[in-house]
Amino acid sequence: TVDAVGNQTLRLVGSKEVVGMTSSITSKEFYSSKETKAVLDFKVSIQCFLYDKSKYIYVPNEGTIYKVERTYQNGMMIELYVSETQIHTEDIDGWNL
């Protein structure tokens, strides 16, 4: 949201807990992501029906918020390719951990 002065405030609209598997991206994926200027950190695989097209994911054991840069459906799983953001949980209104 943006206030009258133009200051931007992040607001958590909704969240849900999902179990997934993290894995490294291949060197080919890493170098191709650098060409698009969206450096990918890793990928998370979850079941397709669990993904609600969220733009960000939070990995609790790391305490980091990642942006979903692209997705790839692989059978019954969907792979979320993510990059680290500068967003911190204290910057978001309504964040409950």
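The values are calculated or read from the model by the stated rules, or taken from the named source; none is laboratory data. What you see is a predicted model; the values in this text were computed from it and never measured. Neighbour counts are summed over all protein chains in view; Cβ atoms, including those assigned to glycine, are modelled from backbone coordinates with ideal geometry. Accessible surface areas use protein heavy atoms only, side chains included; no ligands, DNA or RNA. Shrake-Rupley method; radii C 1.70, N 1.55, O 1.52, S 1.80 Å.
Filtering region 3-48 to residues that are open to solvent by less than 100 Å² (accessible area, probe 1.4 Å), more than 18 Å from GLN73 (Cβ to Cβ) and aliphatic (A, V, I, L, M) leaves LEU10, LEU12, ALA38, VAL39. Only residues that are touching a strand residue (DSSP E or B) at 6+ places or on another chain (Cβ under 9 Å) and within 16 Å of VAL68 (Cβ to Cβ) were counted across region 13-57, and they come to 28. Scanning region 49-66 for residues being under 18 Å from THR85 (Cα atoms) and either among the hydrophobic types (A, V, I, L, M, F, W, C) or crowded, with 16+ Cβ neighbours inside 10 Å (or both) gives a total of 6.
Pairs are defined by a Cβ separation below 7 Å, a sequence spacing of at least 6 or placement on different chains, a first member in region 61-87 that is in contact (Cβ under 8 Å) with a residue 40 or more places away in the chain, and a second member that is among the aromatic types (Phe, Trp, Tyr) and open to solvent by less than 20 Å² (accessible area, probe 1.4 Å); the pairs so defined are VAL82/TYR66; SER83/TYR66; GLU84/TYR66. In region 75-88, how many residues are open to solvent by 30 Å² or more (accessible area, probe 1.4 Å) and either of a type in the set (D, E, K, R) or at pLDDT below 90 (or both)? Qualifying residue count for the region: 4.
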